[in-house]
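Undergrad: Below are the structure tokens for one structure; questions will follow.
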Amino acid sequence: MPYTTLLWLRNDLRIADNPALRAALGRGGTVVAIHLNETDPSLRQRGAASRWWLHQSLNSLADNLAKRGIRLETLEGPAEATVVAAVARHGAQAVVWNRRYAPAEREIDAAIKQRLTDDGISATSYPGNVLVEPFDIETKAGFPYGVFTPFWNALRARDIAAPIATPEGGSPLVPQTVDRAYRTPAWARKLAQHWSIGEAPARERLMAFLDGDVATYPERRDFPADASTSKLSPHLAFGEISARQVWHAARMQMDRAPERSEALQKFLSELAWRDFHIHQLYHRPDIATVPMQPRFAALEWRTSANDLRAWQRGETGIPIVDAGMRELWETGFMQNRVRMLVASLLTKNLLLDWRLGEAWFWDCLVDADEASNPGNWQWVAGCGNDAAPYFRIFNPVTQAEKFDPDGSYVRRWAPEPRTPIVDLKASRERALAAFGAV
């Protein structure tokens, strides 16, 4: 019987710097790739925008794999039963995958590895899409990092593993189309006009950014009307490009253009911020539902369906907040400064539970990430492990004056004036009292 390896792809939808793919091809014989829509109840199901992106990304990946003689199967069902069935169907002697780091995912992967091993099937995992795996970095006292700055200092002192080369494959197959669509609502289809999806567009976006806008990144990254950020986050979330590829491309740019070193260091610190959230995800209970600072579990949030709906629809009467929420609905994306402003308005001025906002972002963002999305929401809400102090409440009016001084961003997304649904000064005092109580 010919040797067959099953390659289980998850958030690593690329050919280059894919350790599991390289290992599968290195074993010789036949490689079959699978991607699962996992229905395990312990896993967080993807939001609508993510499902739309995933389907396009899988089609792009299927073409790239076919060129290397590998067919991609898209499957659905509980992870363990579905993987075991795929092994039996293909007569596979080995299964390989790249690691993921959420608690529920790790439990599933460990159970599958044990099941396969018991059945006499080789099961091997490899480093996931991180700069440093979360169990490989710790404080001098041997504990997980809880504050970003020392984490960043420790990480940048490390030798980050170099990306591995794009592997050669077998005889090309006929290009295929992934027909198993992830159930995507009609509203998400408009996102196609704003994004190019797949491994090649991810590389092109990275190189265009490093050759251009990175030069002004520290000064202009907070101005939402500018196209001055990399917009790599969705490509990273789906693993169309790896964090290691981004890191080393930026480091090479430092060597070529030393005058950009400071700007590139700032960019790399934001890449490390992504790793920091994965670090929190790995070492803590579910950060999408549990405050990292336990005392905030006692905070008394308001309940207002009308206020939540106004926030979701971009109808709060706070211009830059409304602009951000409408940009999100239209494009599946929002610039980081505006993300902080809309999150601050929801959790502080409206005093609505941060988990409501996190869930809305989870459904609407093309870059929805199970570590960064809740991690950033907890940061703004003040309950995160390395959080902005609870008494830091962004003033969206003065922030707009500073970062959208000519109003071009607001005019593009929310040009019509509205009456504010909340008084910023009074609601700030209410939030200080509520947060101060815990």
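Undergrad: Tally time: how many residues in the range 248-264 are among the hydrophobic types (A, V, I, L, M, F, W, C) and either exposed (fewer than 14 other Cβ atoms within 10 Å of the Cβ) or touching a Gly at 6+ places or on another chain (Cβ under 7 Å) (or both)?
TA: Number of matching residues: 1.
Undergrad: Identify the residue in the range 313-371 that is assigned to a helix (DSSP H, G or I) and among the β-branched types (Val, Ile, Thr) and, among all such residues, is farthest from GLU401 (Cα to Cα).
TA: Filtering first and then ranking leaves THR331.
Undergrad: Restricted to the range 46-68, and to residues that are part of a loop (DSSP other than H, G, I, E, B) and in contact with a helix residue (DSSP H, G or I) (Cβ under 9 Å, 6 or more places away or on another chain), which residue is farthest from ALA85 (Cα to Cα)?
TA: Filtering the range 46-68 for residues that are part of a loop (DSSP other than H, G, I, E, B) and in contact with a helix residue (DSSP H, G or I) (Cβ under 9 Å, 6 or more places away or on another chain), the one farthest from ALA85 (Cα to Cα) comes out as GLY47.
Undergrad: All but one of (1) in a helix (DSSP H, G or I); (2) under 21 Å from GLY212 (Cα atoms) hold for LEU281, so report the exception by its number.
TA: Among (1) in a helix (DSSP H, G or I); (2) under 21 Å from GLY212 (Cα atoms), LEU281 violates only (2).
Undergrad: Next question, about the same structure. Among the residues of the range 368-391, is any of a type in the set (D, E, K, R), under 18 Å from ARG326 (Cβ atoms), within 20 Å of the chain's Cα centre (by Cα) and surrounded by 21 or more Cβ atoms within 10 Å (Cβ to Cβ)?
TA: Checked the range 368-391: no residue is of a type in the set (D, E, K, R), under 18 Å from ARG326 (Cβ atoms), within 20 Å of the chain's Cα centre (by Cα) and surrounded by 21 or more Cβ atoms within 10 Å (Cβ to Cβ).
Undergrad: Being modelled with pLDDT under 95 and either under 30 Å from GLY436 (Cβ atoms) or not aliphatic (A, V, I, L, M) (or both) is the requirement here; does PRO319 meet it?
TA: So PRO319 fails the test.
Undergrad: Continuing with this model, one more query. So in the range 370-384, with the set limited to residues that are without any contact (Cβ under 8 Å) to a residue 60 or more places away in the chain and in contact with an Asp or Glu (Cβ under 9 Å, 6 or more places away or on another chain), which one is farthest from LEU346 (Cα to Cα)?
TA: TRP379
The values are calculated or read from the model by the stated rules, or taken from the named source; none is laboratory data. All values derive from a computational prediction rather than experimental measurement. All Cβ positions, even for glycine, are placed from backbone atoms using ideal geometry, and neighbour counts span all protein chains on display.
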